[in-house]
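Each value in this text was obtained by applying a stated rule to the coordinates, not by laboratory testing. For clarity, every value in this text was computed on a predicted model and none was experimentally measured. Neighbour counts are summed over all protein chains in view; Cβ atoms, including those assigned to glycine, are modelled from backbone coordinates with ideal geometry.
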Amino acid sequence: MPIFPPHIRAMFWMVLACISFAGLWVMIRLGSEELHPFALVVWRNFLGLMWLMPMVLLTPGLLKTDRLGGHMRRATSGVIATFATFYAVANAPMANVLAINYTAPLFATIGAVLFLGERVRWVRGLALAMGFLGMLLVLRPGSAEMTPGLWAAVISAITTAFSYLAIKALTGHDDPRAIAVWSFILTTPVSFLLALPFWSWPSDRLWPILFGLGACAAAGQLALSRAFSLAEAGAVLPFDFVRFGLITLAGILLFGERYDVATIVGGTVILASTIILALRERALARERAGRRG
């Protein structure tokens, strides 16, 4: 019997996911000094899959699924999101990229309204308004230059939203670990083909960074899946502030980035809006469960 209750274990796994993803972004920035970020995506997928293979081999039947189409839809949006994220992290301030990335649940909510027929009530409307206000604070159109890296971050947020919708359709049918593994399996060959025009082999000094990149990607995906399997999103999302803090500090201390108050405030407002959405989803889920009961 576990010593700690589920919500404490969920907190631990969420913090571990935040540390892993912060490490991943540092590895992307370091690796992009030598390799094109699109080539780094290939190594992220391939080496991440290698890190996960022992778990697959020790868990017979883990990859058994009757929803391959759903996994392919998730992988399609996921590969676009990964390419865009890697390019953004390599070419724009990391805290700005992360703040924009936090809008993915907002775009997912809009997608659910447009494609799944879900309704927007005042709580959701407030969260959406807050989120996009935060994005305006980060981007400041008209006063700050929209670089290719920032545009890539916006593309990443939108395509990540479609990944969220695909994962939502798979959740409850397949093991969360299998969802992560299938993503690596399906995106590895595709990412290699897409990265061929930008391909170059890494030097010997880069291999530790690449192995670290793969390890952080695999650990982050597994820890995140574990956190959401133990507690509802509303209970674990507040701890994503750890990732925002770590990535902001890494940008300042390791790469000499400088951030203004508007960026930090905007990122905080965006994350707060995603937490409100998650809490609202939890309340709606409990209402539906109560009606069924």
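Quick one: grab the alpha carbon gyration tensor of the stretch 1-56, order the square roots of its eigenvalues as a ≥ b ≥ c, and give me rounded if a/c is under 1.5, else prolate or oblate depending on whether a/b is larger than b/c. Provide the component values of the computation, followed by the final result.
Numbers: a/c = 5.06, a/b = 1.94, b/c = 2.61.
The shape class here is oblate.
Note down the nm distance, to one decimal, between modelled labels 7 Å out along Cα→Cβ at residue 194 and at residue 241.
3.4
In deg cm²/dmol, rounded to 500, what helix-only [θ] at 222 nm does the chain give when every DSSP H run of at least 4 residues adds -39500 (n - 2.57) and the total is split over its residues? Mind dumping the intermediate values first?
Numbers: 12 runs with 227 residues, N = 293.
Counting only the DSSP helices, I get -26500 deg cm²/dmol.
Taking amide H atoms as placed 1.01 Å from N in the peptide plane, list the residues 5 or more away in sequence, or in a different chain, whose amide H sits under 5 Å from that of residue 174.
none
Which distance in nm do the two modelled labels at residue 34 and residue 58 give, with both placed 7 Å along the Cα-to-Cβ direction?
About 3.1 nm separates the two model spin labels.
How high is the FRET efficiency from residue 72 to residue 229, r the C-beta distance, R0 25 Å, rounded to 0.05?
0.65
Let me make sure I get this right: for the stretch 6-292, a, b and c are the square roots of the gyration tensor eigenvalues over alpha carbons, sorted descending. Under 1.5 in a/c it's rounded, otherwise prolate if a/b > b/c, else oblate. Which is it? Before the final figure, lay out each step's value.
Numbers: a/c = 1.60, a/b = 1.09, b/c = 1.47.
Cα axes put the stretch 6-292 in the oblate bin.
Which semi-axis lengths, in whole Å and largest first, follow from the square roots of five times the eigenvalues of the Cα gyration tensor of the stretch 1-151?
Its equivalent ellipsoid spans semi-axes of 29, 24, 18 Å.
Under a 10 Å cutoff between Cα atoms, tell me which one of 276, 247, 100 has the largest fluctuation in the Gaussian network model of the chain.
With Cα springs under 10 Å in the chain, the top fluctuation among 276, 247, 100 is at 276.
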